[in-house]
Amino acid sequence: MSKLTKLIKNPKLFFIDAVKKRIDVKKASSKKPEVKKFSSKISAPTFETYQVNTFYPYKIILHTGEGENGITHLNLWIPIFQKSGINFVVLVRNYEVFKYVKEKYGELPIIMAKSDKEVKKILDKMQSLKACFYPSNTGNNLHLLSYDDIKHIFIGHGDSDKTASAHKYFRVYDENWVAGQAHIDRFNNAGFDHTGLKHIKVGRPNLKETLLLTQDNWKNRFGGKINLLYLSTWEGVYKEQEYTSVEIIKEFFKDINEILSEVHIKIKLHPWLGKRRKELLNYDEKILKEWKSKIYKKNRNFQDMLKSNFNILNRYPKNLEITNLKFSEINATLKIYSKETPIEELIKTSNVFICDISAVISEALAGNGPIFVYIPKNKPIKTLKSKMDYADYTYTFSSIEELKEKFYEVVINGKDYLADKREMAVEYILGKKETLNDKFIQNLQCIEKGIEYEL
């Protein structure tokens, strides 16, 4: 029906439709156009440099392809590289790591290059490079390993006998700088050909000061007091790799005052603890709570004493501390340190050690005191073989009862029958001679000067 016909035959319907259409048009015209939403999240830069002069003839690069873990590795090695006096560049592949290094080591030239193209972009301008150092095995190491005119040297981030410390991937490097003969023997027993890889003993430069400070017998240090350091590992990716003792060790700490009237306990848990088993997150607080509870039961005045003696340390973040709880029977301290705390700083001030199977055992060797190592029962331990097993130089235990028994014999009664073997292990595993003679630093200086160093 046309509009004219509708007006003549049914004027009421005509005007109703007219009004309705007018309203629809008004609604359509007032409707706001859709605005495309843009994410407020700004993506991190993929390439950035800081204080890098590409015209300067840099000879050495320290590279980490890690994310957050790279911070720990760089904190281990940058001070050693700086001590050598050489000029070097730090190359990272993660922007958060770049920001951290820039803030902490602002005097250094630093490069952040995420992709292989960005690595090539900067390295092609640095024609004087002689060597690149790698603290860990990451896939993006390959972006540098393709440069045949650079010597590629693996330095790691600790001495370990885990299977990840010696496998075929290491053959991509020219040299493997190790602490002592033990690591070379692990390669020799790993079951693959590594004749093209040169192993060079350089000691553990970050432990030199510790070795010098702990030369006195452990019984005579700290005025005869027991400064006990506990270093845990984490629960591992798989249950079969779970070597941590955190769930049983808290029972030992609760009962330690049964055998010692005075003890000073330091605890540093592995930063990855709780990564697979969430119930292990914040386990330091559980240890602290149970320890306080045990002390409370033995001392009526504990609660009042605790209020006046509980402090938070400022030197390292997130430290938990109970200090100077002096009662008629107990003079005890318990401090739990954060993951940022350097292990070597804790070892310097300790003379008895409890460890899980990990690289911290070799660190504890530098502390020149009895080491107690947790070996889980009925669980295959996959490690690389050398000429010394844990039982040769540490007091192994698989239960709290066994730990108490050995602790009483060795620490309380002073029958440290593995002292001589520990001294042998310090040389064999840590390379004490090379450490004290600054072999690592000497080699760095030789590379910068273009001088051959002893292989």
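Readers should treat all values here as calculations from the given coordinates under stated rules, not as data from a laboratory. Only a predicted model underlies this, so the values are computations on that prediction, with no experimental measurement involved. Cβ sites come from the backbone with ideal geometry, for glycine too, and all protein chains shown count toward neighbours.
Brief remarks follow.
- Proxy reagent accessibility, fewest Cβ within 10 Å first, across Thr244, Thr341: Thr341, Thr244
- Of the cross-linked pairs Lys239/Lys278; Lys99/Lys125; Lys201/Lys421; Lys275/Lys339; Lys275/Lys348, those separated by over 19 Å at the C-alpha level are Lys99/Lys125; Lys201/Lys421; Lys275/Lys348.
- Sorted by Cβ neighbour density within 10 Å, fewest at the top, the residues Asp420, Asp438, Asp116: Asp420, Asp116, Asp438
- Least to most buried among Arg204, Arg171, Arg221 (fewest other Cβ within 10 Å first): Arg171, Arg221, Arg204
- Sparsely packed trypsin sites (Lys or Arg not before Pro) within region 394-454, loop by DSSP, other Cβ within 10 Å at most 13: Lys415
- Simple Cβ-charge dipole of region 387-455, Lys/Arg +1 and Asp/Glu -1, about Cα centre, in debye nearest 20: 80 debye
- Region 229-289 shape via C-alpha gyration tensor axes, a/c threshold 1.5: prolate
- GluC sites (Glu not before Pro) restricted to region 55-123 and DSSP loop, no more than 10 other C-beta within 10 Å: Glu107
- Restricting the chymotrypsin sites (Phe, Trp or Tyr not before Pro) of region 411-455 to loop positions (DSSP other than H, G, I, E, B) with no more than 12 neighbouring Cβ atoms within 10 Å leaves Tyr417.
- Cα centroid of region 385-401 to Cα centroid of region 66-105, whole Å: 35 Å
- Each principal axis of region 328-444 carries a Cα extent, and these read 53, 36, 29 Å when sorted largest first.
- Note on region 133-258: with charges restricted to the Cβ of Lys and Arg (+1) and Asp and Glu (-1), its dipole about the Cα centre is near 320 debye.
- In the frame of its principal axes, region 136-239 has Cα extents of 55, 36, 27 Å, reported largest first.
- Rounded to two decimals, the Cα-based Rg/Rh of region 138-195, with Kirkwood Rh, is 0.95.
- Descending semi-axes in whole angstrom, ellipsoid equivalent of region 397-455, from the Cα gyration tensor: 42, 11, 8
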